[in-house]
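The values are calculated or read from the model by the stated rules, or taken from the named source; none is laboratory data. Model, not experiment: these values are computed from the prediction. All Cβ positions, even for glycine, are placed from backbone atoms using ideal geometry, and neighbour counts span all protein chains on display. Side chains are part of the model used for accessible areas, which takes the heavy atoms of the whole protein and leaves out ligands, DNA and RNA. Shrake-Rupley method; radii C 1.70, N 1.55, O 1.52, S 1.80 Å.
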Amino acid sequence: PSLTEGMFSEKWRIRQSSLLLLGDLLLLIGEADNAQRAIGSGDGVMVNGKVGSAVGESDDSDDEEEGQDAARSGTVGKLRTHMGKHWAESALAAIYILRTDVSLTVRQSAGNVWKQLVSNTPRLLTEIMDPLVSRLVSLLSSTEPDLAAIGGKALGETVKKLGDRVLPAVVPHQW
């Protein structure tokens, strides 16, 4: 909770630090099972934190890309399992919102963390719609101009990605 509160601080350096710490934590939680399974399997050779094939065997890059997509979608599931659905979705919503931060440094960091965690943005956005919309509404009502701008840009980006699917989720929060 402290990290997600820091992600919406008035100071961009605090937002950046909170984002990076939370991103590292989420990646460690999401990849912990994969790393333990890979080390114990004996199927591959661990080199620089990655499992590769033994010497003389060739890799197929298509299989590797499919495996990375499956691992990313599995990462979100692991986050929900280990952290609880509400907390994981709230953290993911915060990272998505910071992709539209007014500070370039925070925006780039949030984009990098998001790409490492999520493989299918529209699908995940529909899954985390409730925490995302509630956070957006609170940002839009903020008295801090930077936070209100972040909320407005994030809402625009969400509508651009999801189109008509956003309106039913936003309207109930307005009444």
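Some notes on this structure:
- Cα gyration tensor category, rounded, prolate or oblate, for region 103-146 with a/c compared to 1.5: oblate
- For Ser142, net neighbour charge (Lys/Arg +1, Asp/Glu -1) across residues whose Cβ lies under 12 Å away: -2
- Among Thr81, Thr143, Thr105, Thr100, the sequence by solvent-accessible area, most first, with a 1.4 Å probe is Thr143, Thr81, Thr105, Thr100.
- Accessible area of region 114-165 belonging to carbon and sulfur atoms, whole % at 1.4 Å probe: 50
- Using a cutoff of 8 angstrom between alpha carbon atoms and counting only pairs six or more residues apart, the relative contact order for region 103-171 works out to 28 percent.
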